[in-house]
Structure formats: C-alpha cells, structure tokens
Amino acid sequence: SPRPDLVVVGSGFFGLTVAERVATQLGKRVLVIDRRDHIGGNAYSAPEPETGIEVHVYGAHLFHTSNERVWQYVNQFTEFTNYQHKVYSIYQGQTYSLPMNLATICQYFGKSFSPAEARALVAEQAGEFDTAEAANLEEKAISLIGRPLYEAFIRGYTKKQWQTEPTDLPAAVIARLPVRYTFDNRYFNDTYEGLPKDGYTAWLQRMADHPNIEVRLDTDYFDVRDELPSDVPTVFTGPIDKYFGYEAGELGWRTLDFETEVLPIEDFQGTSVMNYADEEVPYTRIHEFRHFHPERDYPKDKTVVVREYSRFAQTGDEPYYPINTPEDRAKLERYRELAAKEAAEKRVLFGGRLGTYKYLDMHMAIGSALSMFDNRIRPFFDDGGALD
Ligand code: FDA
C-alpha cells in the first residue's frame, strides 16, 4: 500500500476522528492500526448471536453532549434515537430511582416531602461531618448527603467498585454527590442525547469509510513500528506508559468483568440498567440491552443481560477507569514531559483516554480530537515543520 501521510494508532473515537478529518479535509492518506480484531475501540458493539440484540461489548455506552460542534460533527455519520437514560438501584429488596431525587428520598424515608423539607432533612443529616475536614470517602459522602442515604446508595456500591472499605478510600475520590430536589430522574443533563439508530459499529465504520483511510486490524503498533517509515507523523491513542516502556512505572486503572447471559424471557428488569447497592450482591449492576432500543423489533422470547463486576486492573486486563492516585499523577507528569519531547523530535502526538490517562466520555474524545486536528495537525500539514 502507498506510503501514509499520517499513522493513527487506535481506531477508537479519538483515532477515527483524527483520521476522518485528515482524510477528508486535507486529502492526506491515513493508516489506522488497531491491535484488536475490530474497529471502534471501547465504543464497539455487536449483535448477541442468539438474539440479535446489540450489546456494547466494553460496557454500556450512552451518547450525550452539549457541545454544538461535536453534535454537528457526529450527525454526519449517524442518526440518533430519542433514548433518554435512566438508572435505578436495588437496595434491601426495594427499587429506587437514581440519581438521588425527591422520589428516592420520599420512598426511602417512607413519607412525602416537599422540596424544601427534603433539602432541610438532608442538610441536617449531612451536618454530621464538615466536608472540608472529611478524612476519607465515607466522611466526605456523609458530609454531602447524610448517613442514611450514604449507607443505602453509596457505601455498598462504592465498596464493590473499589474492593476497598470506603473508610480506607481518599475523600478526593468523590467531588460531589448530586441530590435533586425534584422528581426529575434523567441521568444526563446535556442538550443532546440518544443512541446511534443502526448501532455504534455502523457509525464507527462510516467514519473510517474513505479511500484515503486504510484500517489494519489485529496489528499491534509495537510489533510493526520498525517497519513504518520513521519520519511519518503519528497520533498514538494507546497507553502512554506502555509507549515509553513503563519508564516511570505503570499507571493504575480499574477494570470491569462482564458476564453475559441469554434468558428465555421477554423482559428481565424492565429497564436498561439496575444498580445493586447491597454489599452482599457481588456485581455492581446489570444491563439489559434490549431496553436501549425499544424501537427495534427484538425477539419476544429472549433477552440479554450483562452483569458487571469491578476490580483493580492487573497487567493484561483492559484498562477502563484511571485511578489517579498521587503516585499516578507524578508518573503522568513524567510521561507528559517525555511526550512533549517525542512530539518535537519524532512527530508523535498522544491523544484519547489511554494516551492521556483521562476518563473521557465519547463526546470529549471526539471534541479533543477535533481540537488536535485544528491546532496541531492541520497547521503541520499546511505549513510544514514541527508537530508540537
Ligand atoms: P479507545 O479505548 O476507544 O480506543 C483506543 C484504541 O487503541 C483501542 O481500539 C485499542 O485496541 C487501540 N490500541 C491500544 N494500544 C494499541 C497498540 N499498541 N497498537 C494498536 N492499537 C492499540 N462514554 C460516553 O460518552 N458514554 C458512556 O456511556 C460511556 N460508557 C463507558 C463505559 C465504560 C465501561 C468505559 C470504560 C468507557 C465508557 N465511555 C463512555 C467512554 C468511551 O469508551 C471513551 O470516550 C472512548 O472509548 C474514547 O475513545 P478513545 O479513542 O480515546 O479510546
């Protein structure tokens, strides 16, 4: 194949956005490399074979944004349904509405409260600790929402997420715990929300579908980098610590394990996601994927549920959520210095969630790729010279 003008490592939303812009706006050739056997990074989805129900293979993905430019951009590749995300939680045999709202409070305390009464109740219960002086996650959470709501909706869930007692977790793990004093239980507050009408993979494939873009799957960058022209500019969206041979140490991540089951019934839980707040239940939540697309003609006699378990990632696990301890941040500082040097000397730019060690929602990954294209890649191809 002809020599590429740009190599993009990773075919997730970040890499594909860069590739699409360079191919269509600059008319340059892009080689996209991915180590997996499919396109799309963590947003990839596939029909569960027995039922045809679309399953988000790396965890449920809900698209939402208030960024006008990102919304315009993504609508070039897919239409969206009017799906609105809602989350419920089971605690001690009762089902509650999340994020914590007036319905949750009334139900939990077994009586009707006006917004002002509920606000006063939570404020009183939160008085047990001072937020500024909270010594750990538990004290911080209680200082924000009071002990009863903390014990019901946060303690067990958090313990399962972190496999750590909340009294042993730093207060900084939570910044805020939103409580709404209305009955509004829409999960996202963004202007735009929906799911891609014909699925994530069709959307991702349309981004890559251009004569200037070649996608090479099942290919690990570290196995082929020596065969690539050494002066070709590169956008790297894989793990930054791995790129530098873990020179400053491994960055910490949490991972998830998914257990998929097909059940011989039409509907298991009546909604797309149910959290399990009890400590004794080993999983954190169950997704039932048919509910993401009520408009589709899915089978009436089968449903797909996915139980989700959370734990610290070991070497070889999929990295999902950055842990971001002070040690991680110190390592990241060092990797950022190395990355700046690599950009200047070898024309390699780092982006995306693995390349920057940041949790990015899809709209953020796309938005930050568009910025990298505007501010660094287009000027490089227009004017020549350095990429940094
Ligand atoms: P992404 O991880 O998608 O892509 C990186 C690619 O690089 C991968 O395909 C990988 O195989 C490849 N790669 C890595 N190393 C390589 C190497 N050495 N050689 C070749 N290829 C290599 N967002 C949202 O908006 N709504 C949501 O509901 C969710 N839900 C959600 C759930 C879970 C569990 C997670 C972990 C994340 C979400 N997200 C989300 C976030 C979403 O997944 C995220 O925004 C995108 O994956 C970011 O795209 P990137 O391209 O940055 O990374």
Practice problem: Run the numbers on the chain and let me know its relative contact order in percent, using alpha-carbon pairs under 8 Å that are six or more apart. | Solution: 24 percent
Practice problem: Order these peptides, 95-101, 344-350, 175-181, 138-144, by their mean beta-carbon neighbour count within 10 angstrom, highest first. | Solution: 138-144, 95-101, 344-350, 175-181
Exercise. Using θ = phi - 60° and the Karplus relation 6.51 cos²θ - 1.76 cosθ + 1.60, list the HN-Hα couplings for segment 2-7 in order, rounded to whole Hz, with x at every Gly or Pro.
Key: x, 4, x, 8, 8, 9
Quiz item: Between Asp388 and Asp317, what FRET efficiency follows from the Cβ-Cβ distance if R0 is 22 Å, with the result rounded to 0.05?
Solution: 0.10
Quiz item: Mind checking the angle between helix 362-372 and the chain's longest principal axis? C-alpha axes, 0 to 90 degrees, to the nearest 10.
Solution: 30 degrees
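Rounded if a/c is under 1.5, else prolate if a/b is larger than b/c, else oblate: which is segment 218-266, with a ≥ b ≥ c the root eigenvalues of its Cα gyration tensor? Intermediate values should be presented prior to the final figure.
Values: a/c = 4.06, a/b = 1.94, b/c = 2.09.
Taking the square roots of the gyration eigenvalues as a ≥ b ≥ c, segment 218-266 is oblate.
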Quiz item: Once the piece of chain linking Thr191 and Ala46 is laid out straight, how much longer is it, given 0.36 nm per residue of separation minus the C-alpha distance between them?
Solution: 49.5 nm
Quiz item: Whose amide H sits under 5 Å from the amide H of Phe236, counting only residues 5 or more places off or on another chain, with H placed in the peptide plane?
Solution: Val9, Leu349, Phe350, Gly351
Quiz item: Under 20 Å from the 7 Å Cα→Cβ point of Arg206, by amide nitrogen: which residues of segment 31-69?
Solution: 39-47, 54-57, 61-69
Practice problem: Could you work out how far apart the two model spin labels at Phe268 and Asn136 are, taking each label as a point 7 Å from the Cα in the direction of the beta carbon, and quote it in nm? | Solution: 3.4 nm
Quiz item: Between segment 278-330 and segment 346-380, what is the C-alpha centre distance in whole Å?
Solution: 25 Å
Quiz item: For Pro264, what charge total do you get from the other residues with a beta carbon under 13 Å from its beta carbon, if Lys and Arg give +1 and Asp and Glu give -1?
Solution: -3
Exercise. Starting from the Cα of Arg216, step 7 Å along the direction of its Cβ; do the same at Tyr309; then give the gap between the two resulting points in nm.
Key: 3.7 nm
Quiz item: Long-range amide H contacts for Phe312: which residues qualify at under 5 Å (H placed 1.01 Å from N, peptide plane, sequence gap of 5 or more or a different chain)?
Solution: Thr255
Self-check item: Extension reserve of the Asp226-Glu333 stretch, reckoned as 0.36 nm per residue once the Cα distance is removed
Solution: 35.8 nm
Quiz item: Among all lysine pairs in the chain that are eight or more places apart or on different chains, how many have alpha carbons less than 20 angstrom apart?
Solution: 10
Self-check item: Shape category assigned to segment 51-112 from the gyration tensor of Cα positions, a/c cut at 1.5
Solution: oblate
Quiz item: Restricting to the chain, what percent of DSSP beta bridges are antiparallel, rounded to 5?
Solution: 65 percent
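Coordinate-derived values only; no laboratory data. If you're wondering where the values come from, they're calculated on a predicted model, not measured in any experiment. Note: ideal-geometry Cβ built from the backbone for every residue, glycine included; neighbour counts use all protein chains shown.
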